[in-house]
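The next block holds one structure in the form of structure tokens; read it before the comments.
What follows is calculated from the coordinates using simple rules that are stated; it is not laboratory data. These numbers come from a predicted model, not from an experiment. All Cβ positions, even for glycine, are placed from backbone atoms using ideal geometry, and neighbour counts span all protein chains on display.
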Amino acid sequence: MTDTTIHAGAAAAEGLDRDSRLALYRLVAEIRTFEKRAYDLFLQSLVKGTSHLSLGQEAIAAGVALAMRPDDYTFCTYRGHAHTLARGAPMAAVMAELLGREGGLLAGKGGSMHLTSVEHGVMGSYAIVGAHLPIAAGAAWSAQVRGTGQVAVCFFGDGTTNIGAFHEALNLAAVWKLPVVFVCENNLYMEYTPIGAVTAVPNPAADRASAYGLEPIVVDGNDPEAVWAVARAAIARAREGGGPSLIEAKTYRHGGHSRADPGKYRPDEEVREWMTRDPLTTYRARLAAEGVEESTLSGIDADALAKVDLATAQAKDSPPPPVALVERDVWSDGSATWRN
Amino acid sequence: MTDTTIHAGAAAAEGLDRDSRLALYRLVAEIRTFEKRAYDLFLQSLVKGTSHLSLGQEAIAAGVALAMRPDDYTFCTYRGHAHTLARGAPMAAVMAELLGREGGLLAGKGGSMHLTSVEHGVMGSYAIVGAHLPIAAGAAWSAQVRGTGQVAVCFFGDGTTNIGAFHEALNLAAVWKLPVVFVCENNLYMEYTPIGAVTAVPNPAADRASAYGLEPIVVDGNDPEAVWAVARAAIARAREGGGPSLIEAKTYRHGGHSRADPGKYRPDEEVREWMTRDPLTTYRARLAAEGVEESTLSGIDADALAKVDLATAQAKDSPPPPVALVERDVWSDGSATWRN
Amino acid sequence: MAQLSYREAVAAGIAQEMERDPTVYLIGEDVGAAGGVFKATVGLLERFGPDRVRDTPISEQAIIGAAMGAAMTGLRPIAEIMFSDFLATCWDLVANQVAKTRYMTGGQVSIPLVIRTANGGGVRFGAQHSQSLENWAMAVPGLKVVAPSTPADVVGLLAAAVRDPDPVVFYEHKSLYAAKEEVPDGEHVDALGTARVLRQGDDLTIAALAAMVPRALDAADRLAAHGVFAEVIDVRSLIPLDTRTILGSVRKTGRLFTVEENPRVLGWGAEVASLAAEECFDSLDGPIVRITTPHVPLPAADALEDAAVPSVERIVETVVAGMG
Amino acid sequence: MAQLSYREAVAAGIAQEMERDPTVYLIGEDVGAAGGVFKATVGLLERFGPDRVRDTPISEQAIIGAAMGAAMTGLRPIAEIMFSDFLATCWDLVANQVAKTRYMTGGQVSIPLVIRTANGGGVRFGAQHSQSLENWAMAVPGLKVVAPSTPADVVGLLAAAVRDPDPVVFYEHKSLYAAKEEVPDGEHVDALGTARVLRQGDDLTIAALAAMVPRALDAADRLAAHGVFAEVIDVRSLIPLDTRTILGSVRKTGRLFTVEENPRVLGWGAEVASLAAEECFDSLDGPIVRITTPHVPLPAADALEDAAVPSVERIVETVVAGMG
Ligand SMILES: Cc1ncc(C[n+]2csc(CCOP(=O)(O)OP(=O)(O)O)c2C)c(N)n1
Ligand SMILES: Cc1ncc(C[n+]2csc(CCOP(=O)(O)OP(=O)(O)O)c2C)c(N)n1
Ligand SMILES: [Mg+2]
Ligand SMILES: [Mg+2]
């Protein structure tokens, strides 16, 4: 991590109140619990396709979501459970989508990689690296010309900074001064290849900011309050017409890239070191040290578990989607008709 | 132009001898004369498709070519007449290609936008913005692993810095330390839109160099010796394993973007100011001031005209290509057969 | 009725829709101050201002991405991709994002978006600026595909495309931009998914698209002189495809010839021919013949380009040979 | 003869060619240390070293561009695009550069290059990771297109592709990676442009590709039980297309059914059907029928994906209905 990394000190200074801090912790705990459950269900072959978990990266989803207005837009990748939940999408429907059930957020048509809940501002999860950066810029452009004050937030990984769409989106956003916040979750790896092996600069996002006339912003992505603070500032700037930001949040995934990948390509030492910075345990400890009662924290933990248990049960109860859905919703009239 | 711009002083200091300086002038004069003739032939409707001239930008082609080894690779855009000629491709064949004749460099199959002369190291002219940057990186990769010491040089415009392929090529070249020199000819305009209106940074190439761990290099692109000096340094570095460079050469086109575009979207003031920096007249004047006899210079001018006249006559004499060529050379066996 | 060129019809169609609906925006390279490199958007910047008519960087992915994101959130953007060949530079956005997002999200989002692009040859621009790529979009579920052959159709189909709640790829033909025609006064809106029978005939059906339509009509004239009467259909819309009109004609005439500017393999005609081979089998009196450019990239020289693309002569000869 | 899985056959085919020819290089995302995300390149880094087996950034345009530039200048690269869906992100490089440069330059350059990519569905990955996109490459003049259905064909056709002096897009089917088969010992090289008749039959011809081949064979078994005898052809190579074998079979049986995993419109079967409708007209005893996925993006849920893609049952039912 570089000198410019922003830690929680900044956030604390901005005065996050007790309720907000507990809300942050609750988000982290819920996402953690959900993702662990998703992993278990994957191992039970109940998640049929693939799934990409945010275990270890929860603080980013939580911190940014807390800084957003309800009508702001979220754009995610295939690693999008956390962000979708953080915006308030119904957990049972998210879980059911992973299981390919009728009750899924997308009735099973998208699966884990395409979670979307327009009602909650989650404008989609995109599974081809880079594509959603220009799309997020487009939503920001729309907000700008409609004058709504909405901001688009776009999450992506470190590996995404090397694809062309990243470059085009950042430049357009900067030139048009669009209200969009790009959040790079730098977890040090693409699928299996370390980002440093294929990137010309040490900080794949922050070291590119100047190429778009932007300030480099690096934040400790395992610290929900630090994330909240930089997100709040960036979102406020965007809302006031100050244009886009590019935030690089340093983090680490606890498991592999997807499915049952054990992540064995990562040095033990590195994994151990990062596990000491687990966003859940460190934040929990900090809150405790700063006076939050253990009973409050364990209450939140228990709530999270209960919520995930309920969601799991509801998801499992949902039937497979009716096959008629195959030929529905290609077009806005609900049909798939391409000829008369 | 910024403070970091390299002017001719540097080149002179590196000691370009009289013969080389005259060779440079000769290249500038030949390209100028050729391009003016191409324009005339376009107005006479002898150039059937489009054409993009390097009038005003000749110093870049000349300066870089003089710094290259015969077996180095050139990759051009649609604005590639200058670079193709500068590497020694036969002028009559280049002219005949513009006219769509059998004697053309590509027998009429490519036209003005696709000049190629593998024999002279000109590995193609590519008409879709950005594509040839990764291709040039590939040629450099090949040279690297074959251990030949060859260097690839890739020319492109300011507008090209905003397309994704630019970003991907620069990053890959930097990570693999490829022997490739990227030369951005910043003529301040895309087709009709000023580059500043659509780019997040003032120097579209140089201000992006750091995003790939490269040094920013800006050179006066209307000064053939300055161009030669930076190209020589970059090519030497590449040849020695020092990896890629990104050079931004500031220049201006005397005419429009293509065909008969009069370039009216450019402020008169700007055009006037740049015409005072005409690479041909300024270099000629400098050489004269530094002791080259007027007779020598006008001899070169006359040779250039004679060469272009001859090439024009030969090109006009060449017949249209035989229609059988339509179904040739899709595949390496010369055929276009896709079924049995 | 005003005489408009095909290029003026593009601007007129866009203007009609921008006037009507304040959520219609136009973006693309050089579409504003320059009025488009084909002069098809002249006057729109002056009329609607730089907020609604925006020049972009050379960033095709950003153009389509921006249009898509905007279309998902309340605008109805028209995005120009200068040459259809450049669709390849943003094909992920077009084919994988714009086309699929509605379906993938279980119908949560609509993407009312028009991608306009200059398509086809005849201008001696060579292999990277002359392709007829309607088939690329046609093959992707989730895209509607239109390719008008006349100024009036440009206005009417462009209006229909803008009003359609789904993404439409709108192919304008470069070699038709100068063509002039009377265009109805007042608001003009056509219907997507409709082919048009331009000439009646009993002996065979010729299905053609865009710049091949006038050639097919000329060929039909000459064939009539040979005593062969062709029904000529301007397909106009590839998705939705008006199979009722096209296959109806084939059932009547018993013979189908397609005239396609695209290279031989998997042009739009392959779909039409396959449909006829399945659904009109009992009516067919002879082989279905596709008249296309050979399966080659398009060459630049005028002599070569003209030899490659189906000409009136080639259509006539092929039909005469095919009708035995 | 060794038993190899389809994924092991990929690595074996690459190894065979890298061993033989020092100019063969492999690049792609995670192809080295990780052995490929489908484990199809396991062991190659260890055997040939990091110079010849290189991991790339997530930069598909750079991957194809690098391979093309290298192929023009003395190497014979194999470039992996992890999922065929991602071809869209580098489609300009593939369709406009790799495919056209030889032609545009009047034959000055050769581009001996193989693009390997994991294609098709069956793995519940949804619309952006499951497409069957052979038709995209097939429609572009200048690309050869191969899609093997068995481990032995993987080795033999991959070797043929690497040795071919022209660009080849090599579609590996994701749902076949685990399939096992005996593969000939020693050097194994097959021929591009050759289909294979896998089962003889007189009543109808079924042309299938990749993962649809085993389904077509199963369907033929069941049809035989109904007394209907299908000739089953594994098309294997779309460009060049072995029309002699395919159309020869149609002329014999009088009926053609294609089985395609791709969506309905303009799949590879549309070309085959159109060719048969033109060239086998006199032999046809009934309509040509294409059995395909409906014209929709592929859904993720297992129940939906299974319903979308042609199943053995659907093939059997369609043939039975079609044979009347
Ligand atoms: C264009 C494209 N190339 C490759 C892939 C395959 N792929 C999926 S995720 C991934 C790694 C992405 O790394 P990063 O951006 O760091 O995100 P992370 O998964 O670490 O969150 C790759 C290569 C893809 N989905 N899209
Ligand atoms: C991908 C792509 N988009 C758009 C074009 C159309 N086009 C051709 S040249 C050009 C301007 C290029 O500007 P620049 O890179 O500055 O080069 P210059 O022409 O000034 O030398 C444009 C937009 C193209 N050829 N390719
Ligand atoms: Mg990562
Ligand atoms: Mg320029």
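In the Gaussian network model of chain B, springs joining C-alpha atoms below 10 Å, which of B:Gln314, B:Gln150, B:Gln57 carries the largest mean-square fluctuation?
B:Gln314
Which loop-located chymotrypsin sites (Phe, Trp or Tyr not before Pro) does the range C:139-209 contain, where loop means any DSSP state but H, G, I, E or B and the Cβ has at most 12 other Cβ atoms within 10 Å?
Working: sites: C:Phe170, C:Tyr171, C:Tyr177; in loops: C:Tyr177.
Sparse-neighbourhood loop chymotrypsin sites (Phe, Trp or Tyr not before Pro): none present.
What does the C-alpha gyration tensor say about the overall shape of the protein assembly as shown? Classify as rounded when a/c is under 1.5, otherwise prolate if a/b is larger than b/c, or oblate.
Note, shape of the protein assembly as shown comes out rounded.
Amide H to amide H under 5 Å from C:Arg76: which residues, 5+ apart in sequence or cross-chain, H placed 1.01 Å off N in plane?
It is C:Val24, C:Tyr25, by chain and number.
Please compare each pair in B:Lys48/B:Lys307; A:Lys250/A:Lys316; B:Lys250/B:Lys307; A:Lys177/B:Lys177; A:Lys250/B:Lys177 to a cut-off of 24 Å on the Cα-Cα distance and tell me which ones are over it.
Result: A:Lys250/A:Lys316; B:Lys250/B:Lys307; A:Lys177/B:Lys177; A:Lys250/B:Lys177 exceed 24 Å.
Taking the alpha-carbon centroid of each part, what is the distance from the range A:255-330 to the range A:68-124 in angstrom?
Value for the Cα centre distance between the two parts: 15 Å.
Distances in nm, one decimal, shortest first, from D:Asp221 to the same residue in every other copy, taking the label point 7 angstrom along Cα→Cβ.
Result, one decimal in nm: 6.2.
With a ≥ b ≥ c the root eigenvalues of the C-alpha gyration tensor of the range A:4-315, is it rounded (a/c under 1.5), prolate (a/b larger than b/c) or oblate?
rounded
From a point 7 Å beyond the Cα of A:Arg69 in the direction of its Cβ, which residues of the range C:64-87 have a backbone N at a distance under 17 Å?
C:73-74
Can you give the FRET efficiency to the nearest 0.05 for B:Thr148 and D:Lys39, using r as the Cβ-Cβ distance and R₀ = 45 Å? Intermediate results must be reported in sequence, preceding the final value.
Details: r = 35 Å, r/R0 = 0.78.
For B:Thr148 and D:Lys39, the calculated efficiency is 0.80.
Considering only DSSP beta bridges with both partners in the protein assembly as shown, what is the antiparallel share in %, to the nearest 5?
Values: 22 of 138 bridges.
Antiparallel bridges: around 15 percent, rounded to the nearest 5.
Sort B:His257, D:His173 so that the residue with the fewest other Cβ atoms within 10 Å of its own Cβ comes first and the one with the most comes last.
B:His257, D:His173
Scan chain A for the residue whose Cβ is closest to the axis carrying it onto chain B, then write down that distance in whole angstrom.
A:Gly164, 1
Rounded to whole Hz and in sequence order, give me ³J(HN,Hα) for the range D:21-28 from the Karplus expression 6.51 cos²θ - 1.76 cosθ + 1.60, θ = phi - 60°, writing x for Gly and Pro.
With coefficients 6.51, -1.76 and 1.60, one gets 10, x, 8, 7, 10, 10, 10, x Hz.
Given a 10 angstrom Cα cut-off, can you work out which residue in D:Phe86, D:Phe257, D:Phe281 is the most mobile in a GNM of chain D?
Fluctuation is largest for D:Phe281.
Can you give the charge dipole size of the range D:196-323 about its Cα centre, rounded to the nearest 20 debye, using +1 on the beta carbon of Lys and Arg and -1 on the beta carbon of Asp and Glu?
200
Expressed as an acute angle from 0 to 90° and rounded to the nearest 10, what is the orientation of the C-alpha long axis of helix D:212-225 relative to the principal long axis of chain D?
Rounded to the nearest ten degrees, it is 20.
Can you sort B:Ser112, A:Ser117 from fewest to most other Cβ atoms within 10 Å of each residue's own Cβ?
Ascending Cβ contact count within 10 Å gives the list A:Ser117, B:Ser112.
With a cut-off of at most 16 other beta carbons within 10 Å, and DSSP calling the residue loop, which trypsin sites (Lys or Arg not before Pro) in the range B:126-213 qualify? Please list them.
B:Lys177
Taking each label point as 7 Å beyond Cα in the direction of the beta carbon, state the distances from B:Thr276 to the same residue in the other copies, shortest first, in nm.
Between copies, matching label points for B:Thr276 lie 6.5 nm apart.
Counting DSSP beta bridges in chain B, what percent are antiparallel, to the nearest 5? Don't skip to the answer; put the middle values down first.
Numbers: 2 of 25 bridges.
Approximately 10 percent, going by the DSSP bridge assignments.
Roughly what would the spin-label model give for A:Ala289 and D:Lys180, points 7 Å off Cα along C-beta, in nm?
Those two pseudo-labels are separated by 5.5 nm.
Among C:Ala99, C:Val320, C:Pro310, flag the residue with its Cα farthest along the positive direction of the charge dipole of the protein assembly as shown, charges on Cβ as +1 for Lys/Arg and -1 for Asp/Glu.
Projecting each Cα onto the dipole axis, the largest value belongs to C:Val320.
Tell me, how many Å apart are the Cα centres for the range A:195-229 and for the range D:41-96?
Centre-to-centre distance over Cα atoms comes out at 28 Å.
Quick one: go through the range B:242-266 and flag any residue whose amide nitrogen is under 15 Å from the point 7 Å out along the Cα-to-Cβ line of B:Met275.
B:252-256, B:262-266
List the GluC sites (Glu not before Pro) within the range B:176-248 that DSSP assigns to loop and that have no more than 13 neighbouring Cβ atoms inside 10 Å. Spell out each step's value before the answer.
Details: sites: B:Glu185, B:Glu191, B:Glu225, B:Glu240, B:Glu248; in loops: B:Glu191, B:Glu240.
When the GluC sites (Glu not before Pro) of the range B:176-248 are filtered for loop state and at most 13 Cβ neighbours within 10 Å, B:Glu240 remain.
What fraction of the DSSP beta bridges in the range D:196-323 is antiparallel, stated in percent and rounded to the nearest 5?
So the antiparallel bridges amount to about 20 percent of the total.
Between C:Glu187 and the same site in the other copies, what are the distances in nm, shortest first, taking label points 7 Å from Cα along the C-beta direction?
Sorted ascending, the copy-to-copy spacings read 7.3 nm.
Tell me, what is the FRET efficiency for D:Asp21 and A:Lys264 to the nearest 0.05, using R0 = 35 angstrom and their Cβ-Cβ distance as r?
Values: r = 32 Å, r/R0 = 0.93.
Taking R0 as 35 Å, the efficiency between D:Asp21 and A:Lys264 is 0.60.
What nm value, rounded to one decimal, do you get for the distance between C:Ser311 and A:Leu22 when each label is placed 7 Å out toward the C-beta?
Distance between label points: 8.5 nm.
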